[in-house]
Amino acid sequence: MNKLPIQHNTRAGFTLIELLIVMSIVPVLVMALTITMTLYPRKYAEIEQDRTMMEQASSALGYIGKDIRSAREVASAAGSYSSGEGGSLALDMGADNLKKVVWTTHDGALERIEYADSDARQEIGRTRIVAPVVSLGLVFDSWPPTTSRIHLEIKLSRQVMNQTRTINVSGNYFLRGKFK
């Protein structure tokens with residue numbers, strides 16, 4: 001007898017189970033990718049703003065430190081880091097053309113005011129460091145200070161989507177002269 005050859009279907013395909021599994025996984029992957037792509041630019045912008053604030057605070061701290069190191073004496077200091085508000089530092093420079101420098105917070109920015117006289121009556125220059133400065137804090141070991149070490153802290157703050165983001169930068173400086 002003649003046997004008929006059996007023909008096998010050699011076409012490849014997916015089963016119904018495989019198709020259902022893929023159809024349930026693909027939307028989850030698309031949703032995760034969409035969320036990632038929408039959140040990434042916002043997070044990047046936040047990180048960039050934090051970096052800018054940190055650079056501004058470090059720069060300001062460097063300028064203040066330079067003034068502290070070259071000052072003849074500290075005329076006055078006000079501002080507690082713990083209070084979180086304001087703060088000022090007045091330095092007697094003792095130079096012929098620059099007698100006094102005052103660092104202070106004003107209208108949300110850190111300012112350096114230069115005076116030609118030690119009584120701070122004749123202003124010769126003002127520099128604003130535009131940053132959301134909350135406070136300029138000065139910490140001394142004791143008052144009146146018995147050492148020439150000054151611990152200086154700058155606190156910057158900004159609002160991000162109903163949250164306050166705060167950056168603190170600090171440094172220790174040694175006064176060349178003395179405290180008044």
In segment 23-61, the residues that are closer than 24 Å to Thr127 by Cα and either among the aliphatic types (A, V, I, L, M) or in contact (Cβ under 8 Å) with a residue 12 or more places away in the chain (or both): Gln49, Asp50, Met53, Met54, Gln56, Ala57, Ser58, Ser59, Ala60, Leu61
Residue match in segment 159-169 (condition: within 30 Å of Ile47 (Cα to Cα), surrounded by 11 or more Cβ atoms within 10 Å (Cβ to Cβ) and modelled with pLDDT under 70): yes
Complete set of residues in segment 99-158 that are modelled with pLDDT of 65 or more and of a type in the set (Phe, Trp, Tyr): Trp103, Tyr115
Flag if Ser82 is among the polar types (S, T, N, Q), at pLDDT below 80 and under 21 Å from Arg128 (Cβ atoms): no
Count of residues meeting criterion [at pLDDT 85 or above and under 29 Å from Trp103 (Cβ atoms)] in segment 35-46: 0
Any chance Ala32 is surrounded by 10 or more Cβ atoms within 10 Å (Cβ to Cβ) and at pLDDT 85 or above: yes
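The values are calculated or read from the model by the stated rules, or taken from the named source; none is laboratory data. A quick note: this is a predicted structure, and the numbers were derived from the prediction, not measured. When we count neighbours, we look across all protein chains shown, and the Cβ atoms used for this are built from the backbone with ideal geometry, even at glycine.
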